[in-house]
Structures are given as structure tokens and as C-alpha cells.
1. Among residues belonging to the range 28-69 that are under 19 Å from Gly206 (Cβ atoms) and in a strand (DSSP E or B), point out the one that is farthest from the chain's Cα centre (by Cα).
2. Does the range 151-166 include one or more residues that are among the hydrophobic types (A, V, I, L, M, F, W, C) and surrounded by fewer than 20 Cβ atoms within 10 Å (Cβ to Cβ)?
3. So Arg93 clears everything in (1) surrounded by 15 or more Cβ atoms within 10 Å (Cβ to Cβ); (2) touching a residue at least 40 places away in the same chain (Cβ under 8 Å) except one condition, right? Which one?
4. Kindly provide the set of residues from the range 120-150 that are among the polar types (S, T, N, Q) and buried (at least 21 other Cβ atoms within 10 Å of the Cβ), ordered by number.
5. Working carefully through the options Ala74, Ala87, find the one that is of a type in the set (Gly, Ala, Ser), free of Cβ contacts under 8 Å to residues at least 12 places away in the same chain and not in a loop (DSSP other than H, G, I, E, B).
6. Name every residue in the range 247-288 that is charged (D, E, K, R) and over 9 Å from Phe229 (Cβ atoms), in order of residue number.
7. Restricting to the range 242-278, name every residue that is β-branched (Val, Ile, Thr) and either surrounded by 15 or more Cβ atoms within 10 Å (Cβ to Cβ) or more than 24 Å from Ile218 (Cα to Cα) (or both).
8. Across the range 202-229, what is the number of residues that are at positive phi and crowded, with 20+ Cβ neighbours inside 10 Å?
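The values are calculated or read from the model by the stated rules, or taken from the named source; none is laboratory data. Treat the numbers as computed from the prediction; the structure is a model and nothing was measured. No Cβ is skipped: glycine too gets one built from the backbone with ideal geometry, and neighbour counts run over all protein chains shown.
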Amino acid sequence: MASVIEVRNLRKTYGQVIAVDGVSFDVSQGEIFGMVGPNGAGKTTTIECIEGLRRPDSGSVTVLGQSPWQDRRAITNHVGVQLQESALPPHLRVAEALDLFASFYEQQADAAELLNTVGLEKKRSAAVGKLSGGEKQRLFIALALINRPEIVFFDELTTGLDPQGRRVMWDLVRNVRDRGCTVVLTTHFMEEAERLCDRVLIIDHGRIVALDPPAALIRSLGVERRLVFTLSDHQELPVLANLPQVKRVEQTGSQLVVDGLGDRFVSSVVDAMEDSGIHFLDLRTEQPNLEDVFLALTGKEMRE
């Protein structure tokens, strides 16, 4: 698959702070490409350099074979951007907003069809200030697509939305990709990245720490299954970490989480608990997910 975005040795500093430190990757045509990382990891700076909003100190970026700074006008006609924080005049009508943004570009999508795609066909005459949070998000998606872009950037698309609204947005993103548009997505929701993205880049301290399809990233943990116990009272646990099938043991309050692999993983852990007289109120099995990968690679400490 041809690359529509190429980033090579990208570096950006702010004084003594190294925001992006030698980042290189490609985005293929027609994929949903996800970028995740802790606060301050460098993902926003990286995306803004690709979008042409910032100039790097060194390295190169090409979007559709062109420079986002030297060929900005040409690229703008083929790229759509939905920013994390956007605002429009509250009295502006939905249809008026689409007409206004369409006037900026050489080619325009059919506004009525676009409103139908994002589920706002009945809101075309509504004032922006009267829209719900989810409706505003869908409007900003429509505005990002008004020029029929070949690449669209969605930044924290579902922040602040309820679970139903989040899943509506996911369906919209898939619909955009199915229409032939490449999607670059940044998110703090690991479930979102796992469900939507063909590949996920994890960035931390300005460097790429992983880049693979979600399933491959999860397999890299070396964990097949997880057991979650709720303990009945404070008891001295057996040394489960000594079992060959166990990869990790973590206890938080009354909850015990054990990760492992192998055919006898579940039975060996349960047998060890019962042989030690450990009482537990319930037991459930889970599969490791992208959030586990994220925490394993970037740590659990709070970032500012």
C-alpha cells in the first residue's frame, strides 16, 4: 500500500525541552492510523508538524508527496482537520457553517449528503449554539470532510461524549475510511484505538516506543489470559509469581489480578489459591488489551 504521509527523523524542541526526538514513520493510503501517548509525550507536536501548523527543528515530513509548509495551499485542498478544541459563532446555522467552509476549497462535498452521513440532516437550520455536544462533534467532522479530503486528522474525537455517542463516532470514522479517506486519529481512549485502528503508534518522551497493529501489540505482552479475584478478607497470598504459567501478579485492595499463559494457567493458579486456604468471593477471566500494552510501555505514573 502506498504511503500518503512520510515522517523522517522529526525533531522539535522548546527551549531545553525535547518535544519530539527523531521520530520516523509512514501512514499508508486507506488505513486508520492511531497515535497515542501520555500527556506531554509529543503526539500533539508531531501531528501539528504533519498538519503544517508547526515547523520542526530538523527532519522531514511529506503529505501526499508534498511539504506541509512549502506546498501548504496545495495540501490544504486535500486534507481535513478536526481539532481537539473548536468553536463557531453560536448563532451560525449548521448549513451556513458548511457553506462557509466549502468556500475555502477548490472542491466541495455535497453538503446535504454530508449532513446525512453525520446524522445532522434534520439540524441544517439549527443554530450551532443549540446543538448538543455530540451534534457539535458531528458538525466538526462534517466541516473536516467538506473538501472531500484524501486524508483527515481527528484529534481526541470522542472526548466528553457518553458511550452511545462514542460508538456513533466510531461508526462515522469507519464510514469515512470506507469511502476511501485515510484517517489519522489521536486519542486517550485505548479501547477506541484498539477497535478502530489498523495500526497504532505509541509515543513517549518524544520517541516511538511501539508501532504495530493492535493485535500484535497485545501479543507482545506475552500474556494470553488474566484472572481477576475478589478476596474475602486480608489474607497472606501464596507466591503465585513462582508458578511457571504466571507472568504478573498485582493486588489492589481486595482485588487480585494475575496474568499468565499456557494450558494449565487457570487451574494452576486456582489450585495454588485453594491449597493455601485463600478464600475468594468471585473469579472472572479477561483478555489483555491495548491499555495493558500502553501502561507496560509508558508506566502508570500521572503525567502533567
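1. Ser58
2. Yes: one or more hits.
3. That leaves (2) as the condition not met.
4. Of all residues in the range 120-150, those among the polar types (S, T, N, Q) come to 125, 132, 137, 147.
Selection gives Gln137, Asn147.
5. Numbers: Ala87 fails: not in a loop (DSSP other than H, G, I, E, B).
Going through Ala74, Ala87 in turn, the sole match is Ala74.
6. Kept after step one, since they are charged (D, E, K, R), are these residues of the range 247-288: 247-248, 250, 259, 263-264, 271, 274-275, 282, 284, 286.
Those that are charged (D, E, K, R) and over 9 Å from Phe229 (Cβ atoms): Lys247, Arg248, Glu250, Asp259, Asp263, Arg264, Asp271, Glu274, Asp275, Glu286.
7. Matches in the range 242-278: Val246, Val249, Val258, Val266, Val269, Val270, Ile278.
8. 1
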